[in-house]
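First the structure, in the form of structure tokens, and then the observations on it.
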Amino acid sequence: MSLIAGIIGSFVAILCFALLLECPRRYLPMAGIVGAVGGGVYLFCVRCGLGTVFSSFLSGLIIAFMSHMFARIFKAPVTVFLIPGILPTVPGAGMYRTVYYILEGKRSMSAYYLTQTLEIAGMIALAIFIADTFFKLITKFAKTDNLEKTEEK
């Protein structure tokens, strides 16, 4: 699959998923863009040989930063962009393989995919946490800076 096809596929998938989540219609294109960029970053990193876990981390970080930026630009909750946008990096195939190999009786393969799935889920959570903390710090410093300016007057 080409990178462009993957990005377009991510965009369409996110649009459909956002519709299922009843995302406000005016934010659907932006949610699609967040998912397309995140999916593109993931596919690009995997093709560069960075591994699925680190690729998921970078993709999650980009998605979380874009979600926060779009939330501030369009004055909407972050979750409107974050929840649909994170879909391309969610390790659904890993969860499927874990259960499949459990049913097949191949414990070593199921343990491998379970571990990988948990690592990816942890990296996604860490990326969201880092982006959220970054934006909270920026907001905190902006408020204290504005407070100092008003005290000077």
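The values are calculated or read from the model by the stated rules, or taken from the named source; none is laboratory data. The structure presented is a predicted model; accordingly, all values stated were derived computationally and were not measured. As a convention, Cβ positions derive from the backbone with ideal geometry for all residues, glycine included, and neighbour counts pool all protein chains shown. For the accessible areas, the whole protein counts, side chains as well, though only heavy atoms, and no ligand, DNA or RNA atoms are used. Shrake-Rupley method; radii C 1.70, N 1.55, O 1.52, S 1.80 Å.
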Prolate/oblate/rounded call for segment 1-110, Cα gyration tensor, a/c under 1.5 rounded: prolate
Rounded to 10°, Cα long-axis angle of helix 52-73 versus longest principal axis of the chain: 30
Spin-label model distance (nm) - LEU137 vs ARG107, 7 Å beyond Cα toward Cβ: 4.4
Largest-first principal axis extents of the Cα set of segment 28-85 (Å): 37, 16, 15
Under-28-angstrom lysine pairs by C-alpha in segment 2-153, whenever the two are 8 or more apart or on separate chains: 9
Accessible surface ranking that places the most exposed of ILE86, ILE14, ILE138, ILE4 first, with a 1.4 angstrom probe: ILE4, ILE138, ILE86, ILE14
Potential lengthening between ARG25 and ILE130 on full extension [0.36 nm per residue; Cα-Cα distance subtracted]: 35.0 nm
Heavy atoms of GLU22 accessible to a 1.4 Å probe, total area in Å² rounded to 10: 150
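Suppose R0 equals 41 Å; then what is the FRET efficiency for MET69 and LEU118 from their Cβ-Cβ distance, rounded to the nearest 0.05? All intermediate terms of the calculation are to be shown ahead of the outcome.
Working: r = 29 Å, r/R0 = 0.71.
The calculated FRET efficiency here is 0.90.
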222 nm mean residue ellipticity, helices alone, for the chain (DSSP H n ≥ 4; -39,500 (n - 2.57); rounded to 500): -28500 deg cm²/dmol
Mean-position separation - Cα centroids, segment 28-70 and segment 72-143, in angstrom: 11
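Taking the mean number of other Cβ atoms within 10 Å as a proxy for protection, how do you rank 105-116, 32-43 from highest to lowest?
Details: 105-116: 14.0, 32-43: 23.7.
Taking the mean over residues of other Cβ atoms within 10 Å, the ranking is 32-43, 105-116.
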Nearest-ten-degree value, helix 92-104 long axis tilted from longest Cα axis of the chain: 30
